[in-house]
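The values are calculated or read from the model by the stated rules, or taken from the named source; none is laboratory data. Being a predicted model, the structure only gives us computed values, none of them experimental. Using ideal geometry, Cβ is built from the backbone for each residue, glycine included, and neighbour counts are taken over all protein chains shown. Calculation scope for accessible area: heavy atoms of the full protein, side chains included, ligands and nucleic acids excluded. Shrake-Rupley method; radii C 1.70, N 1.55, O 1.52, S 1.80 Å.
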Amino acid sequence: MKILVTGGLGFIGSHTVVELQNEGFEVVIIDNLSNSSEEVLKGIFAITGKMPLFEKLDLREKKSVQEFFKEHNDVNGVIHFAASKAVGESVENPLLYYENNLGTLVYILQELEKKDEANFIFSSSCTVYGQAEKMPITENALVQQPMSPYGNSKKIGEEIIIDTAKATNINAILLRYFNPIGSHPSAEIGELPLGVPQNLVPFITQTGFGLRQELSVFGDDYPTPDGTAIRDYIHVVDLAKAHVIALQRLLNKKNLDKVETFNLGTGTGSSVLEVIHSFEKVSGKKLPYKIVPRREGDITEAYANTDKANNVLGWKAQSTLDEAMASAWKWEQKIRG
Ligand code: UD1
């Protein structure tokens, strides 16, 4: 079975390639290296002993996408990670986000609709729920107008897939991720943020390493037990495994609808201070931090109801926050070492 993984050299993509290869799938990666590096291939090889096929290709070039699918007409499934994901940048440059995240999606679906049957897994985000009214968040929670073009590109992406699946032979699963963190326990692959990290965990590990002076905690006046915002941090290896299970569900025709949606989280919310304390515990380091005002656009809390993923998909996150933080710390030390 040959699986196309777009964005397969990125953070979640590379971990998913490892899990796919561990399960015996043949993987072909498309990546334009805009936020990743070819070096990641070595990490994947070190873990799995297999080198995936790699095509450096920009999915915005429709011709290249067409040529790729002509050459690889034996692809059985597609996991589509390739996208831009910086919220602030998307506000400044919305068209880049709509082109990168939606134009490319359309080109891939146009190739898949030519097939007798196609299986498609889409990287979506819990950002589509905005500040949900009820915790934990189920898949039936209202999808709200996102605050950023990035978030909107995920919402529209889902809609494009739903409309297309209705009219074609494409079956799809939309995976709504909560907050992916950590790295492969081998520390051969992990998160490689460009410049100053926008996300909490890479900022923490870089600060722990001494690369940043201190962490700014965005707000301690939220209506939560310790006043800091709450998220559902999920180990990236758990998340990667969910992709393989979702893909197998489509390949084995076990899906109940042409498009199914699953939340991927642990089901447990952790506050920013709890994440800091977890880091301090697993690293043995004191983390310098200060409280600053809230970040614009941030919500108070988001954590997943995982019943559907547990019962229907048959998948459950295994790692604890401490394990995920320990892996993130191991990776940080490895890349700076
Ligand atoms: C962010 C995006 C979200 C995107 C996700 C992708 C925003 C507003 N949201 O989610 O749309 O899907 O990344 O990974 O950017 N925090 C600090 N100090 C920091 C960094 C973060 O206190 O230096 C806090 C945040 O306020 C938040 C929590 O840590 O409460 C997690 O932040 P982050 O890792 O950026 O994730 P989200 O904001 O949940």
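Summarised in one figure, the compactness ratio Rg/Rh of the chain, Cα atoms and Kirkwood Rh, is 0.95. Between LYS63, LYS258, LYS155, the residue with the greatest mean-square fluctuation in the GNM of the chain (Cα pairs under 10 Å linked by springs) is LYS63. Compute the long axis of helix 62-71 from its Cα atoms, compare it with the longest principal axis of the Cα atoms of the chain, and write down the angle in degrees, 0 to 90, nearest 10. So the helix axis and the longest Cα principal axis differ by about 60 degrees.
Dividing the helix sum by the residues of the chain, where each DSSP H run of 4 or more adds -39500 (n - 2.57), gives a mean residue ellipticity at 222 nm of -11000 deg cm²/dmol. Couplings for the stretch 22-35, taken from phi via the Karplus curve 6.51 cos²θ - 1.76 cosθ + 1.60 with θ = phi - 60°, read 4, 8, x, 6, 8, 10, 10, 9, 10, 8, 9, 6, 5, 9 Hz in order; Gly and Pro are left as x. Packing around the peptides 280-288, 47-55, taken as the average count of other Cβ atoms within 10 Å per residue, puts them in this order, highest first: 47-55, 280-288.
The residue list PHE45, ASN35, PRO94 was ranked by how far each Cα lies along the charge dipole of the chain toward its positive end, using unit charges on Cβ atoms, and PHE45 comes out on top. Panel values: the stretch 48-174, Kirkwood radius from alpha carbon pairs, Stokes-Einstein at 25 °C and 0.890 mPa s, translational diffusion coefficient 155 µm²/s. Below 8 Å between Cα atoms, with a sequence gap of 6+, how large is the relative contact order for the chain in percent? So the answer I get is 19 percent.
Leaving out ligands, DNA and RNA, and with a 1.4 Å probe, what % of the accessible surface on the stretch 99-210 is carbon or sulfur? Ligands and nucleic acids excluded, carbon and sulfur reach 50 percent.
Dipole of the stretch 231-306, Cα-centred, from +1 at each Lys and Arg C-beta and -1 at each Asp and Glu C-beta, to the nearest 20 debye?
Dipole of the stretch 231-306, to the nearest 20 debye: 240 debye.
A 1.4 Å probe run over the protein chains yields, for the stretch 166-314, 43 Å² of accessible area per residue, whole-number rounding. Modelled spin-label separation between ASP221 and LYS308, with each label point placed 7 Å from Cα along the Cα-to-Cβ direction: 3.6 nm.
Using a simple charge model, +1 on the beta-carbon of Lys and Arg, -1 on the beta-carbon of Asp and Glu, nothing else, what dipole does the chain show about its Cα centre, in debye to the nearest 20?
It comes to approximately 320 debye.
The stretch 122-147 and the stretch 57-77 have Cα centres lying 32 Å from one another. Angle between the Cα long axis of helix 236-251 and the longest principal axis of the chain, 0 to 90 degrees, nearest 10? Rounded to the nearest ten degrees, it is 20.
Could you tell me how many degrees, from 0 to 90 and to the nearest 10, lie between the Cα long axis of helix 272-283 and the main elongation axis, the longest principal axis, of the Cα atoms of the chain? For helix 272-283, the angle is close to 90 degrees. Give the percent of DSSP beta bridges with both residues in the chain that are antiparallel, rounded to the nearest 5. Here the share of antiparallel DSSP bridges comes out near 5 percent.
Each part gets one Cα centre, and for the stretch 96-113 versus the stretch 219-246 those centres are 28 Å apart. Computed extension length for GLU67-ILE335: 92.9 nm, one decimal, from 0.36 nm per residue of separation with the Cα-Cα distance subtracted. Largest mean-square fluctuation among ALA46, ALA324, ALA167, in a Gaussian network model of the chain whose springs join Cα atoms under 10 Å apart, belongs to ALA167. What does a probe at LYS285 reach in the stretch 217-240, counting residues whose amide N is under 17 Å from the point 7 Å along Cα→Cβ? It comes to 217, nothing else. Here the dipole of the stretch 189-282 is about 660 debye; that uses its Cα centre as origin and unit charges on the Cβ of Lys and Arg (positive) and Asp and Glu (negative). The stretch 309-337 and the stretch 26-53 have their alpha-carbon centroids 20 Å apart. Among ALA240, PHE122, PRO225, whose Cα lies farthest out toward the positive end of the dipole of the chain, if unit charges sit on the beta carbon of Lys, Arg (+1) and Asp, Glu (-1)? Value computed over the given set: ALA240. 3J(HN,Hα) along the stretch 7-12, derived from phi through the Karplus expression 6.51 cos²θ - 1.76 cosθ + 1.60 where θ = phi - 60°, amounts to x, x, 9, x, 4, 6 Hz, with x in place of Gly and Pro. Between THR138 and MET51, the modelled label-to-label distance comes to 5.0 nm, taking each label 7 Å out from Cα in the direction of the beta carbon.
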